[in-house]
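Okay, so here's the structure we're looking at.
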Amino acid sequence: MVGVRRGLAVCLVGVAALLAVLDVGPSAWGVGLACAVVLAVAAGRRATVDRVAALGPADLVTLTRATLACGIAALVAEAIAGADVVGVLVPLAVVALVLDLVDGRVARRTGTASAYGGRLDGEADAFLILVLSVLVAREHGAWVLGLGVIRYAYAVAARLLPWMQQPLPPRYWRKVVAAYVGIALTLAASDLAPAATTYGVLVVAALLLAESFGWDVVWLWRRRLNRAGAADVLPAKVLEHDR
């Protein structure tokens, strides 16, 4: 077990080291470090709220994936500036996707699964998808940004609408969808598949995300508070995110 502050500090150092190895420009350094700071602050605050003092083995794997995502964000900034980064970005994305399969297994085998770890895992997924969608949208159209923005649009809606603030039941399908979307965006970024195939894969990703978030919204809507102030159905206390 590693203390939360120490783990997040190592994550910041890891991002800086990764950016140095990638030899990116000043703007990419700014993007990468900014993402790392936001990650550390958000994860630290959530740990305080959840009263988490130490990070388990699975949390460290998730933080490694988040560190790679910050490096990928820096490479996307380089791509926007005109650099050819596909040869480096795609392998990093593949490693991050593989680690997404690892952290859940580590959590279960070590008995260290937690609500905090589940949230951290979900946010790491969402951030990687957002970063990749920004890159892919440059070639395949602005609609691809929707793949990365939908998670954050849902979070904003949940803050504004009380009936969306109930805990959701565990649903492994969410992880399957997130994994597919990440793979689809990585494939699109690589330009290895024909344009028609890539477009089809991205459309399927959009449909899967619509189904996943739509299912959650409908589930919450059916259990919203009625006018009398009593819940239609009292949901069990379950994790908001499952590994």
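Do we have any residue at all in the range 129-144 that's touching a residue at least 24 places away in the same chain (Cβ under 8 Å), hydroxyl-bearing (Ser, Thr, Tyr) and surrounded by 15 or more Cβ atoms within 10 Å (Cβ to Cβ)?
Among the residues of the range 129-144, at least one is touching a residue at least 24 places away in the same chain (Cβ under 8 Å), hydroxyl-bearing (Ser, Thr, Tyr) and surrounded by 15 or more Cβ atoms within 10 Å (Cβ to Cβ), which makes the answer yes.
Need a quick list: helices (runs of 4 or more DSSP H) entirely within the range 7-124 having at least 3 residues that are without any contact (Cβ under 8 Å) to a residue 12 or more places away in the chain.
26-49, 86-110
Give just the number: which of (1) aliphatic (A, V, I, L, M); (2) closer than 23 Å to Val61 by Cα; (3) touching an Asp or Glu at 6+ places or on another chain (Cβ under 9 Å) does Leu92 not satisfy?
Among (1) aliphatic (A, V, I, L, M); (2) closer than 23 Å to Val61 by Cα; (3) touching an Asp or Glu at 6+ places or on another chain (Cβ under 9 Å), the lone unmet condition for Leu92 is (3).
Being modelled with pLDDT of 95 or more and surrounded by 13 or more Cβ atoms within 10 Å (Cβ to Cβ) narrows it down to one residue among Ala158, Ala193, Ala188; which is it?
Exactly one residue qualifies, and that residue is Ala188.
When residues of the range 185-221 are filtered for being touching a residue at least 24 places away in the same chain (Cβ under 8 Å), within 16 Å of Val86 (Cβ to Cβ) and not polar (S, T, N, Q), how many remain?
Residues meeting the conditions: 4.
The values are calculated or read from the model by the stated rules, or taken from the named source; none is laboratory data. Since this is a predicted model, take the numbers as computed values, not measurements. Positions of Cβ are generated from backbone atoms using ideal geometry, with glycine treated the same way; all protein chains shown enter the neighbour counts.
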